[in-house]
Amino acid sequence: MRLLIVEDDLVIANGLVRVLTQAEYAVDHVADGKQAIRAIQDGVYDLVILDLGLPTMDGTQVLSHLRQQSNPVAVLILTAREDVATRVQALDLGADDFLTKPFHLEELEARVRALIRRSKLGNNLPLQCGNLKLDVPNKLASINDLAITLSARELHLLETLMMRMGKIIAKEQIMESLCNWDESLGDNAIEVYIHRLRKKIEPSGARIRTIRGLGYMLDTEHTPL
């Protein structure tokens, strides 16, 4: 899962990046509203953690812009403002949750998990393609209910593909989902991960198609193009 933290207080931002990275999320950080808009337009995020008091463009403007563009990304608001009017305004603009500073990191992590589960998993059932299942919260992949061994990157790759089953995912989007801004993966590395994952899920009836010039798509062997 890939998160964007929009926070101009570097002490808070660095703490959030450290804690959420340790929780095995891919985490990016920007410090103002205009940077946030550009990052969200260019990236693929499962959740945005958005401070309201930002330079150049405050959090309510960022949130309003996202929803006007019909961007469905989940947004968790962080703010030092405690008044009810601010909370109501943020929720009315389309925020999914609200956390007032100061806060406990354990509560933040719980809210992040809940928002991602709600936005991506709906009823919290495992993702399934053919006989391949993925239990995202428990990081467990199985074929015919027998666990298969995947590396952390292979799990993230499978999750990315299963979240968008039947849809083409560009190689650039896969690169973004597997690394932070301060990391990099080349085309060859992505192809290696795709090859390894293909071999491991082959008995399930699920397949990873290469759509030449466009990217990759997960579907079943019996699905026509």
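Compared with the alpha-carbon gap, the fully stretched path from L10 to R117 is longer by 35.7 nm at 0.36 nm per residue.
For the pair N138 and R209, label points projected 7 Å from Cα toward Cβ lie 3.2 nm apart. Its alpha carbons give the chain an Rg and a Dmax of 18.5, 56 Å. Annotation: amide H-H contacts under 5 Å for H29 (H modelled 1.01 Å from N, sequence separation of 5 or more, or interchain): I5. Assuming charge only on the beta carbon of Lys and Arg (+1) and of Asp and Glu (-1), the dipole of the stretch 63-108 about its Cα centre is about 200 debye to the nearest 20.
Which residue fluctuates most in the GNM of the chain (Cα springs below 10 Å): I174, I12, I37? Largest GNM mean-square fluctuation: I12.
Less than 5 angstrom separates the built amide H of V75 from those of V48, D96, D97, all sequence-distant by 5 or more or on a different chain. Between D83 and Q128, the simple label model (points 7 Å from Cα in the Cβ direction) yields a spacing of 5.1 nm. Relative to the longest principal axis of the Cα atoms of the chain, the long axis of helix 10-22 makes an angle of roughly 20 degrees.
Once Rg and the Kirkwood radius are both taken over the C-alpha atoms of the stretch 85-160, their ratio Rg/Rh works out to 1.12.
Which listed residue (V112, L4, L155) has the Cα farthest towards the positive end of the charge dipole for the chain, taking +1 on Lys and Arg C-beta and -1 on Asp and Glu C-beta about the Cα centre? Value: L155. When R164, R2, R113 are compared by accessible area of protein heavy atoms, the largest-first order is R113, R164, R2, using a 1.4 Å probe. Label separation (E202 vs R18): 4.5 nm, computed from points 7 Å beyond Cα along the C-beta direction. Taking the C-alpha atoms only, the angle from helix 59-68 to the longest principal axis of the chain is near 50 degrees. One chain, two ends: N188 and T220. Fully extended at 0.36 nm per residue, the span grows by 9.0 nm beyond their Cα-Cα distance. For the chain, a simple Cβ point-charge model (Lys and Arg +1, Asp and Glu -1, everything else neutral) yields a dipole of about 900 debye relative to the Cα centre.
Per residue of the chain, the DSSP helices (runs of n ≥ 4 H) give a summed -39500 (n - 2.57) that works out to -12000 deg cm²/dmol at 222 nm. Farthest toward the positive end of the dipole of the chain, out of L63, H195, S177, is the Cα of H195, where the dipole comes from beta carbon charges about the Cα centre. Solvent exposure of the chain, expressed per residue, is 52 Å² of accessible area, with all protein chains present and a 1.4 angstrom probe.
Within the stretch 1-86, the GluC sites (Glu not before Pro) that combine a DSSP coil assignment with at most 10 other C-beta atoms in a 10 angstrom radius are E82.
The values are calculated or read from the model by the stated rules, or taken from the named source; none is laboratory data. If you're wondering where the values come from, they're calculated on a predicted model, not measured in any experiment. Cβ: placed from backbone, ideal geometry, glycine included. Neighbour counts: every protein chain shown. In case anyone asks, the SASA skips ligands and DNA or RNA and just uses the protein heavy atoms, side chains included. Shrake-Rupley method; radii C 1.70, N 1.55, O 1.52, S 1.80 Å.
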